[in-house]
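Below: one structure, written as structure tokens.
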């Protein structure tokens, strides 16, 4: 895990090139390690918005992201955390994964499965309710209830942790 910690620090420094090179090498040696897959996959997903177009072109980012998603489906489809991470990313940017019109629905289904497998998990519940247009009041309540859990679960270095703290880590204010 020392290798992954170093890569997470490179992510925080926004050194996409070095982080990518190390992830690629580490993943080639450990493609069945979910923690490595999760951070490498999420790194690629974040790079869509945050890395330069030169970086995108050089590593063929979109194709690599799709391949990582497919490999994750094959290797980790039974892991609830995979369903949460993959469901979140695919439901937000379905077009990054191909032309399939059903991808957004597939992402939402993964979020539903994660929530139903762990109904007491406040983060999975919040993510699932957030994917539904009809549950806004329930979502606001879930967002409030999950706030402190988000801060605990996603502490530490790296883009995945920083992203979820920023996006899901709401102030603990009473919902209106």
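Does region 128-145 include one or more residues that are assigned to a helix (DSSP H, G or I) and within 30 Å of residue 6 (Cα to Cα)? No, region 128-145 has no match at all. Sub-6 Å Cβ pairs linking a first residue in region 16-30 that is over 19 Å from residue 72 (Cα atoms) to a second residue that is in a loop (DSSP other than H, G, I, E, B), at least 6 apart or interchain, are 16/51, ordered by first then second residue.
Taking the numbered list (1) under 27 Å from residue 132 (Cα atoms); (2) surrounded by fewer than 20 Cβ atoms within 10 Å (Cβ to Cβ); (3) modelled with pLDDT of 95 or more in turn, residue 49 passes all entries but (3). Scanning region 98-121 for any residue that is under 29 Å from residue 4 (Cα atoms), under 18 Å from the mean Cα position of the chain (by Cα), touching a residue at least 40 places away in the same chain (Cβ under 8 Å) and part of a helix (DSSP H, G or I) turns up nothing.
Restricting attention to region 46-91, the residues that are in a helix (DSSP H, G or I) and touching a residue at least 12 places away in the same chain (Cβ under 8 Å) add up to 30.
The values are calculated or read from the model by the stated rules, or taken from the named source; none is laboratory data. All of these numbers come straight from a predicted model, not from anything done at the bench. We place every Cβ from the backbone using ideal geometry, glycine too, and count neighbours over all the protein chains shown.
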